[in-house]
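The values are calculated or read from the model by the stated rules, or taken from the named source; none is laboratory data. None of these values were measured; they are calculated from a predicted model. Using ideal geometry, Cβ is built from the backbone for each residue, glycine included, and neighbour counts are taken over all protein chains shown. Note: areas computed on protein heavy atoms with side chains; ligands, DNA, RNA excluded. Shrake-Rupley method; radii C 1.70, N 1.55, O 1.52, S 1.80 Å.
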Amino acid sequence: MGDFLLELFYVLVGCLMYLVAFNIFKDTTHKTRIGTMTFWVILGSIFIFGSYLPGTVVGALLVIIGVLTATKQVNMGKVNMPEQGFTIEQAKRLGNKIFLPSLAIVIIVVCVAKFTSLSGTVAIGIAACITLVFTLLLTKAPIKTVGQDGNRMLQAIGAMCILPQLLASLGTLFTEAGVGDVISRGIAVVIPEGNILLGVIAYCVGMALFTMIMGNAFAAFSVITVGIGVPFVFAQGGNVIIASTLALTAGYCGTLLTPMAANFNVLPAVLLQTKDKNAVIKHQVMLAIPLLIIHIALMYFWAF
């Protein structure tokens, strides 16, 4: 059941990407219409048919996507933007109710993950579908709004929408390639044997820095834990559960500081049409750095 639902959610995402491609196709004024449409058709096809395509074919399609992106053939076309007056009117009408869908999706995910045998990924998909219906009822928006806003959001993100998948795969690739061992040998030259504080600092800072590179703390966790956590923290008596948990959340400090975390740091700036695309990151710096220092202190005193 879980596998079927997961495939269904992938198909739904792929269909949304097909819708974006269709909208681009209709936009005859789009300067890179063919390239942009091709990008979304390929990406949508990978989501829908990825389980049935050979790995080499998917790899070739990803190369084509990379070429289209590198040659700047993927650009935003015309989208239906809501009028400012309508936006202000709806904001006044809904007030704080607008935050209810965000709260609902979290509650539903936790309930599905806790009280069923379904995976967290499937739980997110179920929560998204239920919350979508709830949002339409709450806002009394027509069903066509789903396609219009989905098209607007995906076009605004552009090629960066594939970053989470690619970076997660990169984390697995780095682990299999033994990058963690290389990091371990390099750190061993700098950190004196038996120095717990420096080991903790290296673990937390390493997680934050590698997360900035990967854009994903989960992808960075396996590499940094193998390379730094195991030999320099766990091997010196650090509590595995406490240290690894704090290391993962220390990675989130890096998430606050990188454009590679496109969903969190780039998308809001794009949707809000801010002049500075790094505005979100700049406002988060003064929070991320103190949080990282606190993580180091907590790991040093709690894990040992």
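Quick look at the values:
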item: Prolate/oblate/rounded label for the stretch 1-70 (Cα gyration tensor, a/c 1.5); result: oblate
item: Shape category assigned to the stretch 94-183 from the gyration tensor of Cα positions, a/c cut at 1.5; result: oblate
item: Shape category assigned to the stretch 36-82 from the gyration tensor of Cα positions, a/c cut at 1.5; result: oblate
item: Whole-Å semi-axes of the ellipsoid equivalent to the chain (Cα gyration tensor, √5λ, descending); result: 38, 24, 20
item: Å² per residue, accessible surface of the chain at 1.4 Å; result: 57
item: Protection proxy ranking, peptides 108-121, 51-64, average beta carbon neighbours within 10 Å, highest first; result: 108-121, 51-64
item: Helix 179-190 vs. the chain, principal-axis angle (Cα, 0 to 90°, nearest 10); result: 40
item: Angle between the chain longest axis and helix 279-302 axis [Cα atoms, degrees, rounded to 10]; result: 30
item: Charge tally in the Cβ shell below 11 Å around Val122, where Lys, Arg are +1 and Asp, Glu are -1, Val122 excluded; result: -2
item: Per-selection Rg to Rh, the stretch 199-258 - Cα, Kirkwood hydrodynamic radius; result: 0.95
item: Cross-link pairs Lys144/Lys277; Lys31/Lys72; Lys97/Lys140 - those with Cα-Cα distance over 18 Å; result: Lys144/Lys277
item: Of all accessible heavy-atom area on the stretch 1-115, the percent that carbon and sulfur account for (1.4 Å); result: 70
item: Among Phe115, Asn75, Leu137 - extreme Cα towards positive end, dipole of the stretch 41-161, charges at beta-carbon; result: Leu137
item: Computed [θ] at 222 nm, deg cm²/dmol, the chain (DSSP H ≥ 4; -39,500 (n - 2.57); rounded to nearest 500); result: -24000 deg cm²/dmol
